[in-house]
Amino acid sequence: MSTVLVTGGNGYIGSHTVISLFENGYDVVVVDNLSNSKMEVQNRLEKITGKRFKFYDIDCCDADKLRVVFEENKIDSVIHFAGLKAVGESVSIPLDYYSNNIGSMIAVCRLMTEFGVNNLVFSSSATVYGSSEDVPFTEESPLGTCTNPYGWTKWMIEQILRDYAKSEPSKRICLLRYFNPVGAHESGLIGEDPRGIPNNLFPYISKVAGGTLECLTVFGDDYNTPDGTCLRDYIHVVDLAEGHVKAIKFLEKTEDSVSVFNLGTGKGTSVIEAVKAFEKACGHEIKHVFGPRRPGDIAVCYASTKKAEEVLGFKARYGIDEMCSSCWKWQTMNPEGLKD
Ligand code: NAD
Ligand code: WQD
């Protein structure tokens, strides 16, 4: 049985990916420092899969501590989710973002070299396409002009991994650029569990729908889009998780040292369409008002899905209605999120 080390595997996307890996016959070892997730996730994963996964509470920047994981387990592939991801926070504490995101990636790479582990999947982001609005974004679209330190960490790590792969020809690296992951596992037992007031649209809408927050502010209604609100490529987190399994399988057979794939649906949904879809899922109105544009937002962002479809065999199965209904189930079953 092939073993995948999932760093950040206690987080939102990582936890869903652990399930998909398990369902596809992989053994999984999770490393997470719990900086943005709760230990209860591991109990929930056990409820869903019937298996208790090996878990290490370790900061991936600490190569000496992380070495133990490689010593105690025969790791075949790594998926590196561990990282800080709040765009606004990255503007206030950029050094923490650069040191955590880049430092953890470098420590993982050093250990992959030391232990002869060749396959790596890295969580990149559509944010590397920067402020361009030349949609759909293909994997060849120009990169850079990122609008915040978080985005630059992803851009820099992609470059570091290209250089790393050049220096070690046995390495097989997959850069996955996610668009907007939303939704939750069908069980309602795991989902997105942000600390404090959410910054992102879906967690915010969920809390308004659930009555914890009063009203959604729609950031801008004067964009050059059909209804004036921004278009995004929302992708169901369970589809995204499947994409990681496809990426691992692809790395097991490819000759290419670095491969890049967008993971999205290829479809743009406006903020107002998302609100309407959520209203349908929860069965009541979601109070919203229109406010000014949010600095740094672009009008439109969606993926070309052609390469992922043709090369990885990945195609998202779920649409906006399933994203909203699963989000709502997670919200109603866990109105306060998970306990620490
Ligand atoms: P998340 O915060 O829910 O998960 C990340 C996990 O990594 C958390 O459990 C956190 O505790 C852990 N972590 C952070 N730094 C660590 C470190 N140094 N050592 C060990 N563990 C550490 O975030 P997510 O939404 O699941 O995102 C996972 C990855 O995907 C991140 O790298 C993120 O940048 C990337 N990504 C996310 C989105 C998104 O919208 N959610 C979009 C594109 C890319
Ligand atoms: C979506 C739309 C907002 C909140 C972010 C990161 C990106 C990637 C995915 C990691 C926008 C609007 C939002 C609200 C609103 N993450 N909105 N009211 O900004 O597309 O992408 O997550 O890599 O890097 O930037 O996602 O969910 O914040 O916003 O009107 O209260 O919803 O203006 O149009 P975004 P989001």
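The residues 294, 177, when put in order of fewest to most other Cβ atoms within 10 Å, stand as 294, 177.
Across the stretch 114-231, Cα pairs under 8 Å and at least six residues apart give a relative contact order of 22 percent.
Rg over Rh for the chain works out to 0.94, both radii taken from alpha-carbon positions and Rh defined as the Kirkwood radius. The mean sequence separation of alpha-carbon pairs under 8 Å and at least six residues apart, normalised by the residue count of the chain, gives a relative contact order of 20 percent.
Within the shell of other residues whose beta carbon sits under 13 angstrom from the beta carbon of residue 276, the net charge comes to -4, with Lys and Arg scored +1 and Asp and Glu -1. Straight-distance candidates among the lysines for linking to residue 207, with alpha-carbon spacing under 28 Å and chain neighbours fewer than 8 residues away dropped: 38, 47, 85, 267, 276, 280, 287, 329, 339. Taking Lys and Arg as +1 and Asp and Glu as -1, the other residues whose beta-carbon sits under 12 Å from that of residue 100 total -3. Using a simple spin-label model with pseudo-atoms 7 Å out from Cα toward Cβ, residue 227 and residue 332 lie 2.2 nm apart. Here the stretch 283-311 is scanned for amide nitrogen atoms under 17 Å from the site 7 Å beyond the Cα of residue 217 along Cα-to-Cβ, giving 287-298.
For residue 140 and residue 23, what does the FRET efficiency come to when R0 = 35 Å and r is the distance between their Cβ atoms, rounded to the nearest 0.05? Between residue 140 and residue 23 the formula returns 0.60.
Amide H contacts of residue 290 (H built 1.01 Å from N, in plane; Pro and chain starts excluded): 218 sit under 5 Å, all sequence-distant by 5 or more or on other chains. Working from label points 7 Å from Cα in the Cα-to-Cβ sense, the residue 200 to residue 115 distance is 2.8 nm.
Read-outs throughout are calculated quantities, based only on the coordinates presented, and are distinct from any laboratory measurement. None of these values were measured; they are calculated from a predicted model. Ideal geometry is used to build each Cβ from the backbone, glycine not excepted, and the neighbour counts take in all protein chains shown.
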